[in-house]
Amino acid sequence: MRRVATTGRSQLRVRRSLALAMLTLLLTSFAVLTSSGPATAAAAQCVADPATACVGGTIRTAAGEPAVGVQLSVDGPGGTVEAETGADGRWSAAVTTAGDYTVTLDESTLPTGEQLRDPAGNPRTVVVRLGSSAGALFPLGGAAAGGTGGGDEEPDPGASAAPGTNAPSGGTAGGITGQRVLQQAVSGLVFGLLLALASVGLSLIYGTTGLSNFAHGEQVTLGALLAYFGVQVLGQPLVVAGLFAVAVGAASGWAQDAGIWHKLRQRRLGATQQMIVTIGLSMVLQYAFQYFVGGGPLRIVRENPVPVRIGPLLLNQQSIFSALIAIVAIAAVGYFLLGTRTGRATRAVSDNPALAAASGISVERIVRIVWTLGAGLAALGGVLLGLYFNATAWNMGGAILLLMFAAVTLGGLGTAFGALVGSVVIGLVVEMSTLVIPSDMRYAGALVILILVLLVRPQGILGRAERIG
């Protein structure tokens, strides 16, 4: 008995140490994200607001180095604005009147030996809307180079936008190269990991309750908006605002189940009727968000991300540490499901609620924990997606809701690990599809892949086939 007790205490210490290590890594990653401030930016960058729009981009040489001192002019209804690239190759111009603007690059200011890949594309015309950012791309390198090296201009983080915001249209210009394929694959992997944070919670809720929660996207939006509120309104560090957003998001999941879903289950309301309630709740929350924060994009951190070159890849610190935080959080969920008593009870309820209840498991308690955990993960996903896109908006979660459902269905309904696999697949498809189709259509490509896979394997990648009839 003494040996068994000693072993139990040893296992408990190991679990506490593992949890502490994960929390430490999470806080460290958030702290590094916070530390990337304006000191790394070589030039002042425009910040969009309801009265201001931004036109900008990044210009790099054919070798992938920042093109410094390149001069551009932006001419349109609001007059002419001059801009110049800084030490990081970025430029931006603020305008206060919406409309069509002509962006002209002064080719005489290009670095020695550099030329525009598409001279006919200078000047360019961009459509500008107040409260949003528009990108004007000027890739360098001879036309015969085919986009090799670093000549492909990466989108300016200040001009990128979250789903649902006014993002600049993209295409497949520049050709398909090995470097570009690798760049898009890594971007897809990062996006898939962040999408998994939200999708895992959605899958757990479906597995334990049978409910398809159409309001889950608003939990993602809530996390991003709370982080924005904490950083930009309250002036808190990003790490504090992020933890606050996750805590409030988890509390909102607990409150939803206690105030709505538990009572509906007590009244034995069917899953279809509850699903209709989630649709109504989603609409109410979306327009409440729009009422309080407006319809324009919001940047959680207004400083431009710090670029990081890893071999042929060009990433930024926000994407790298967001991916690390997502990995830690997903690993913690996996440990919870496989290595804890409550996690094993959660899996039992997901497999067979009636049998779990007969074996002494409190099904309602497990469901309450799942709602809290799922909402907290969605809020964390919203914070990280807001940093990844460098913008958030009142309808960001709703815009990616179909991607979350696609990931859950593709991986296998009700399985947390299936949601992870499905999210990574969807993330890769979304980013890789821009190699051959316009970026405006990339989400549609992911849904087409979903349909094709389900025609071959209806239960999803990790789902179990069920006999009907």
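Side notes on the structure shown:
- Distance between modelled label sites at Leu234 and Phe292, nm, 7 Å Cα→Cβ extension: 1.2 nm
- Take 69-78, 315-324 and order them by the average number of nearby Cβ atoms within 10 Å per residue, most first; the result is 315-324, 69-78.
- Inter-part distance where the stretch 78-144 and the stretch 321-385 are each reduced to a Cα centre, Å: 48 Å
- Between Arg129 and Gln459, the distance separating the two model label sites (each 7 Å from Cα on the Cα→Cβ line) works out to 4.5 nm.
- You can think of it this way: the chain between Glu82 and Arg344 has 88.2 nm of extra reach, that is 0.36 nm per residue less the Cα-Cα gap.
- Mean projected area of the Cα convex hull of the stretch 53-153, taken over all directions, amounts to 5.8 nm².
- The orientation-averaged projection of the convex hull spanning the C-alpha atoms of the stretch 391-458 amounts to 5.0 square nanometres.
- Mean Cβ count within 10 Å, highest first, over the residues of peptides 204-217, 446-459: 204-217, 446-459
- In terms of Cα atoms, the Rg and Dmax of the stretch 271-382 work out to 19.8, 57 Å.
- Here the translational diffusion coefficient of the stretch 183-456 follows from Stokes-Einstein with Rh set to the Kirkwood radius across Cα pairs; for 37 °C and 0.692 mPa s it amounts to 174 µm²/s.
- Contour excess over end-to-end distance, with Cα ends at Trp254 and Ile279 and 0.36 nm allotted per residue: 7.1 nm
- When each of the peptides 283-293, 83-93 is scored by the mean number of other C-beta atoms lying within 10 Å of its residues, the order from highest to lowest reads 83-93, 283-293.
- Using θ = phi - 60° in the Karplus curve 6.51 cos²θ - 1.76 cosθ + 1.60, the 3J(HN,Hα) couplings for the stretch 91-107 round to 9, 7, 9, 9, 10, 10, 10, 6, x, 8, 10, 9, 9, 10, 9, 7, 5 Hz; x is entered for Gly and Pro.
- Arg309/Arg267 FRET efficiency (R0 56 Å; Cβ-Cβ; nearest 0.05): 0.45
- Added length on full extension, which subtracts the Cα-Cα distance from 0.36 nm per residue, Tyr335 to Ala354: 4.4 nm
Values in this text are rule-based calculations from the coordinates and carry no lab data. Quantities reported herein were computed from a predicted structural model and do not represent experimental measurements. Note that each Cβ is placed from the backbone with ideal geometry, even for glycine, and that neighbours are counted across all protein chains shown.
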